[in-house]
Amino acid sequence: MRAAVWAATITELTEKGYAALTVEGVAQRAGVHKTTIYRNWKTSDQLVADALTGHFATDVPIPDTGAVAGDLRALARSLVATMTTPAGRALLATVVSDAARVPALARIKSALFEDRFQRAESVVTRAVERGELPPETDPGELLRTLAAPIYFRLVFTGEPVDGTTADRAVDVALAAAHAGALSAT
């Protein structure tokens, strides 16, 4: 049931946007009664937050290739692949544009990115333990540095985003980390 409701929520967001999303529409699309949704999610904001978090958790898995460059490349390429789909673009539009007007979405956006970065920190932690990155490297700073050029193109410039964009983002993040620019202190 949870997977069906998440999928229905993502489809509703993709097709209609956050403002037009209704629990009734999600329930109908998921093939469940709306009381089932309200029993599991008290508000539509909670439903959207849970669906977005679940969607991004499965769409961008945390790699473990044995090398930081491979892990970051897989992570960045997976991010690009997810965010350039119609669903990814619609979800990005939801959390970026509507978050400025809807405080609940701003909280969802913060929670979504916090979850994403927290889950991916292991990539950096393993690299530090293997001696591939300086010990003072801040995992959150490295991951934000990795994601920034990708999101900049997606949100602000509309330039193409592809594997080359992902690879360059990895190169920049690694160079910054090796230069000591992403220190936790």
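The values are calculated or read from the model by the stated rules, or taken from the named source; none is laboratory data. Just so it is clear, the model here is predicted, and its values are computed rather than measured. Cβ placement follows ideal geometry from the backbone for every residue including glycine, while neighbour counts extend to all protein chains displayed. Just the protein is used for accessible areas: all its heavy atoms, side chains included, with ligands, DNA and RNA removed. Shrake-Rupley method; radii C 1.70, N 1.55, O 1.52, S 1.80 Å.
With K and R counted +1 and D and E -1, the other residues having a Cβ less than 11 Å from that of A181 yield a net charge of -3.
May I ask you to work out the translational diffusion coefficient for the stretch 76-185 at 25 °C, viscosity 0.890 mPa s, via Stokes-Einstein with Rh from the Kirkwood sum over Cα pairs, reported in whole µm²/s? Numbers along the way, then the final one.
On the way: Rh = 14.8 Å.
The calculation lands on 166 µm²/s.
Counting Lys and Arg as +1 and Asp and Glu as -1 over every other residue whose Cβ lies under 15 Å from the Cβ of M1, the net charge comes to +3. A protection proxy built from the mean count of other Cβ atoms within 10 Å ranks the segments 68-77, 28-37, most packed first, as 68-77, 28-37. Under the classification rounded if a/c is under 1.5, otherwise prolate if a/b is larger than b/c and oblate if not, where does the stretch 96-160 fall, given a ≥ b ≥ c as square roots of the Cα gyration tensor eigenvalues? The shape class here is oblate.
Surface composition of the stretch 113-184: carbon plus sulfur atoms contribute 54% of the solvent-accessible area (1.4 Å probe, protein chains only, all chains present).
Which of the DSSP-defined H helices in the chain satisfy a minimum axial length of 15 Å, computed from C-alpha atoms, and a minimum mean Kyte-Doolittle hydropathy of -0.5? Intermediate values should be presented prior to the final figure.
Numbers: long enough: 2-16 (20 Å, 0.09); 44-59 (22 Å, 0.01); 68-83 (22 Å, 0.91); 86-97 (16 Å, 1.12); 103-129 (39 Å, -0.15); 139-152 (20 Å, 0.62); 163-178 (22 Å, 0.41).
The answer, listed by residue number, is 2-16, 44-59, 68-83, 86-97, 103-129, 139-152, 163-178.
Taking all protein chains into account, the per residue accessible area for the chain stands at 48 Å² (1.4 Å probe). Dipole of the chain computed with +1 at Lys/Arg Cβ and -1 at Asp/Glu Cβ about the Cα centre; of V172, V161, T137, farthest Cα towards the positive end is V161.
Oblate is the label for the stretch 8-50, because the ratio a/c of its alpha-carbon gyration tensor axes (a ≥ b ≥ c) is 1.5 or higher and a/b is not greater than b/c. Principal semi-axes of the equivalent ellipsoid, √(5λ) from the alpha carbon gyration tensor of the chain, are 33, 17, 14 Å from largest down.
With K and R counted +1 and D and E -1, the other residues having a Cβ less than 12 Å from that of A166 yield a net charge of +1. Of all lysines in the structure, those lying under 24 Å Cα to Cα from K109, and not within fewer than 8 positions of it along the same chain, are K16, K42.
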